[in-house]
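Chemist: Mind having a look at this structure? Questions to follow.
The values are calculated or read from the model by the stated rules, or taken from the named source; none is laboratory data. This is a predicted model, so every value here is computed, not measured. Because the Cβ atoms are built from the backbone with ideal geometry, glycine has one as well, and the counts that use them run over all protein chains shown.
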Amino acid sequence: MLRRPGCLLGLYFAVAGAWAQGVTLPDATRIELDNGAVLILSEKHDVPLIGVEAVIRGGAVADPEDRGGLANLLANVMEKGAGDRDAGQFADAIDSVGAALSARANLEVIRVSGEFMSRDADLMIELLGDMLRRPRLDARESVKLRDRQINQIRAAKDGDPRSLMSIYGNAFLFADHPYGTPQIGSEESLARIRHGDLTRYYRDHVGADRLIVAVVGDFEAGAMAEKLRAAFEDWEPANAPLPDVEAAEPVSGRRVLLIDKPGSTQSYFWVGNIGIAINYAQRAEFDIADTLFGGRMTSLLQSELRTKAGLTYGAGTRVRRPSRPGSIAISSFTKTDTTTTAIDLALDLLEKMRAEGFDEETIASGKNYILGLFPQRLETGAQLAAQFAELEAYGLDDSHINAYGDAIASADGETIQGVITSAYPAADNLVFVILGDAQAIREDVAKYGPVTEMSMTEPRFRPPPDESTVAAD
């Protein structure tokens, strides 16, 4: 008897989901050094590989107010030479053993991620130590990378700005709160950065008291601990205190940012408000709701806006979960003449979900979908190292992972509905960020609330504080 592919896929997720309920983190040893650095070690001997994740707490929230993108630039420059190796020699040392080692800055951390053969563990620790403790921070490399980032932002504005909509959205929603700082910076903020800013950020915000190193793979934990102690136990703490970020207040009412891109044949929109933090107690229920509403190809937003209405090629939710509540938004794009049609439909779907939730069959499909994918995040040593480092960085215990499968399985329509009404903003409390031909859509989008306008050519992601606002009729 033949089965349809959809039935086979559903069967796969159901079987995988049952298995995922028993997925837990492996045992790990946690060591805190006298200087505040934390080491997390977990042996995994199925393959001769070692995954490493080093985290420096701080990230973009520690950027100076007018130097957004500084932490991200620092992370990029850290890859361009360290210790006795210049940029080329450092890259060659990694490539020569078929390894990977890269750095990036997120909102609240700078991460260094790597994967090495177990036989190259000594080289891994040497390169990691050099990158963190002895980066060259070459001035020419920093200028080159800074200018490249500026050009990439300009290219996105000139081409397809979808990748920028969350940046515009968070910048307008959070305003001067640290969560409004674009992690990649803006053309304006990046142009202000000088080499002295880079070295000052490193001196002030990179040090042993901010460090977490998680290592998972084919090694003996005691020997690895000694090697890491030797590499990091004499490192000094950072000079400045860790930024203390207060929670931002959700927006009441509506307001609109209209970003003018003259001649654009499409409008892009990001509509949202303050959402949840990474330690949200009912994370499982939220993940089910978000998967069904906008987190998969068959989500409510995707099905209604794309498949049924033909208004877009893609629609979904954008959820950001830092240590304090981040943002939750609906994001999509459509033809200029269907701008408000698409936004109105998205708002109707938001209110429908808040009022009605999802039926049992739909909830079951969402559970199976999540549980089918969940184990894939915990397969490799590098993935596990990243997970251990994240738990430590955000003060979460193992139950965040170990209890997740059971929490997904036990969630029901009532608990999910409670989360929907508390975590998702009501349609009358929203920030609208709309990018398109302002002349063509200005009057139409004014119905959503007071409108602030800015040009897409402005070298920043939010209007200056004294920007005039056009009141809605």
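Chemist: For region 340-382, name all the residues that are in contact with an Asp or Glu (Cβ under 9 Å, 6 or more places away or on another chain) and either part of a helix (DSSP H, G or I) or on the phi > 0 side of the Ramachandran plot (or both). Outline the logic, then answer.
Modeler: First pass over region 340-382, keeping only residues in contact with an Asp or Glu (Cβ under 9 Å, 6 or more places away or on another chain): 340, 345-346, 348-349, 357, 360, 363, 366, 370, 380-382.
Selection gives THR340, LEU345, ALA346, ASP348, LEU349, GLY357, GLU360, ILE363, GLY366, ILE370, GLY381, ALA382.
Chemist: Within region 193-208, take every residue that is surrounded by 17 or more Cβ atoms within 10 Å (Cβ to Cβ) and out of contact with any Ser or Thr (no Cβ under 7 Å at 6 or more places or on another chain) and give me the one that is nearest to HIS45 (Cα to Cα).
Modeler: Quick first cut of region 193-208, residues surrounded by 17 or more Cβ atoms within 10 Å (Cβ to Cβ) only: 193, 197-198, 201-202, 205-208.
Restricting the remaining residues to those that are out of contact with any Ser or Thr (no Cβ under 7 Å at 6 or more places or on another chain) gives 193, 197, 201-202, 205-208.
Details: ILE193: 45, ASP197: 43, TYR201: 39, TYR202: 36, HIS205: 35, VAL206: 32, GLY207: 31, ALA208: 29 Å.
Taking the candidates together, the pick is ALA208.
Chemist: Here is a further query. Does ARG306 meet the test of being buried (at least 16 other Cβ atoms within 10 Å of the Cβ), farther than 23 Å from LEU378 by Cα and either touching a Gly at 6+ places or on another chain (Cβ under 6 Å) or not assigned by TED's automatic domain parsing to the domain that holds GLY326 (or both)?
Modeler: Against the criterion (buried (at least 16 other Cβ atoms within 10 Å of the Cβ), farther than 23 Å from LEU378 by Cα and either touching a Gly at 6+ places or on another chain (Cβ under 6 Å) or not assigned by TED's automatic domain parsing to the domain that holds GLY326 (or both)), ARG306 does not qualify.
Chemist: Please find, within region 454-473, the residue that is modelled with the highest pLDDT out of those that are more than 21 Å from GLY185 (Cα to Cα) and outside any loop (DSSP other than H, G, I, E, B).
Modeler: Among them, the one singled out is THR469.
Chemist: Regarding GLU390, is this residue without any contact (Cβ under 8 Å) to a residue 60 or more places away in the chain and surrounded by fewer than 21 Cβ atoms within 10 Å (Cβ to Cβ)? Step through it out loud before you land on a result.
Modeler: Values: without any contact (Cβ under 8 Å) to a residue 60 or more places away in the chain: no; surrounded by fewer than 21 Cβ atoms within 10 Å (Cβ to Cβ): yes.
It is false that GLU390 is without any contact (Cβ under 8 Å) to a residue 60 or more places away in the chain and surrounded by fewer than 21 Cβ atoms within 10 Å (Cβ to Cβ).
Chemist: Return the total of residues in region 437-447 being touching a residue at least 60 places away in the same chain (Cβ under 8 Å) and either in contact with a Leu (Cβ under 8 Å, 6 or more places away or on another chain) or of a type in the set (Asp, Glu) (or both).
Modeler: Quick first cut of region 437-447, residues touching a residue at least 60 places away in the same chain (Cβ under 8 Å) only: 437-442, 444-447.
Now narrow it down to the ones that are either in contact with a Leu (Cβ under 8 Å, 6 or more places away or on another chain) or of a type in the set (Asp, Glu) (or both): 437-438, 441-442, 444-445.
The total comes to 6.
Chemist: Restricted to region 330-339, and to residues that are part of a strand (DSSP E or B) and of a type outside the set (A, V, I, L, M), which residue is nearest to the chain's Cα centre (by Cα)? Full working, then the answer.
Modeler: We begin by selecting, within region 330-339, every residue part of a strand (DSSP E or B); these are 330-335.
After this cut, where a residue has to be of a type outside the set (A, V, I, L, M) as well, the list is 331-335.
Numbers: SER331: 15, SER332: 18, PHE333: 21, THR334: 25, LYS335: 28 Å.
In this case the residue turns out to be SER331.
Chemist: Determine which member of the set ALA171, ALA284, ALA238 is in contact with a His (Cβ under 6 Å, 6 or more places away or on another chain) and either within 29 Å of SER399 (Cα to Cα) or of a type outside the set (Asp, Glu) (or both).
Modeler: Details: ALA171 fails: in contact with a His (Cβ under 6 Å, 6 or more places away or on another chain); ALA284 fails: in contact with a His (Cβ under 6 Å, 6 or more places away or on another chain).
Only one candidate qualifies: ALA238.
Chemist: Moving on to the next point. Counting only residues that are surrounded by fewer than 18 Cβ atoms within 10 Å (Cβ to Cβ) and assigned to a strand (DSSP E or B), which one in region 92-124 is farthest from the chain's Cα centre (by Cα)?
Modeler: MET117
Chemist: Quick one: which strands (runs of 3 or more DSSP E) lie wholly within region 19-88 and hold at least 1 residues that are out of contact with any helix residue (DSSP H, G or I) (no Cβ under 6 Å at 6 or more places or on another chain), surrounded by fewer than 18 Cβ atoms within 10 Å (Cβ to Cβ) and at pLDDT 95 or above? So that I can check it myself, show each step before the final result.
Modeler: On the way: elements: 29-32, 38-43, 49-57.
Answer list for region 19-88: 29-32.
Chemist: Pull up region 326-341, narrow it to residues that are buried (at least 22 other Cβ atoms within 10 Å of the Cβ) and touching a Leu at 6+ places or on another chain (Cβ under 7 Å), then point me to the one that is farthest from TYR168 (Cα to Cα).
Modeler: THR334
Chemist: Consider region 132-184. How many of its residues are hydroxyl-bearing (Ser, Thr, Tyr), under 23 Å from the mean Cα position of the chain (by Cα) and assigned to a helix (DSSP H, G or I)? Give the steps one after another, and end with the answer.
Modeler: To start, the set of residues in region 132-184 that are hydroxyl-bearing (Ser, Thr, Tyr) comprises 142, 163, 166, 168, 179, 181.
Pick out the ones that are also under 23 Å from the mean Cα position of the chain (by Cα) and you get 163, 166, 168, 179, 181.
After this cut, where a residue has to be assigned to a helix (DSSP H, G or I) as well, the list is 163, 166, 168, 179.
Summing the residues that are hydroxyl-bearing (Ser, Thr, Tyr), under 23 Å from the mean Cα position of the chain (by Cα) and assigned to a helix (DSSP H, G or I) in region 132-184 gives 4.
Chemist: List pairs: first in region 406-426 and assigned by TED's automatic domain parsing to the domain that holds GLU356 and more than 12 Å from GLN282 (Cα to Cα), second modelled with pLDDT under 95 and surrounded by fewer than 22 Cβ atoms within 10 Å (Cβ to Cβ), Cβ under 8 Å, 6+ apart or cross-chain?
Modeler: If the second residue must be modelled with pLDDT under 95 and surrounded by fewer than 22 Cβ atoms within 10 Å (Cβ to Cβ), the pairs left are ASP406/GLN21; ALA409/GLN21.
Chemist: Tell me which residues, restricted to region 305-339, are out of contact with any helix residue (DSSP H, G or I) (no Cβ under 6 Å at 6 or more places or on another chain) and over 22 Å from MET353 (Cα atoms).
Modeler: Matches in region 305-339: PRO322, SER323, ARG324, LYS335, ASP337, THR338.
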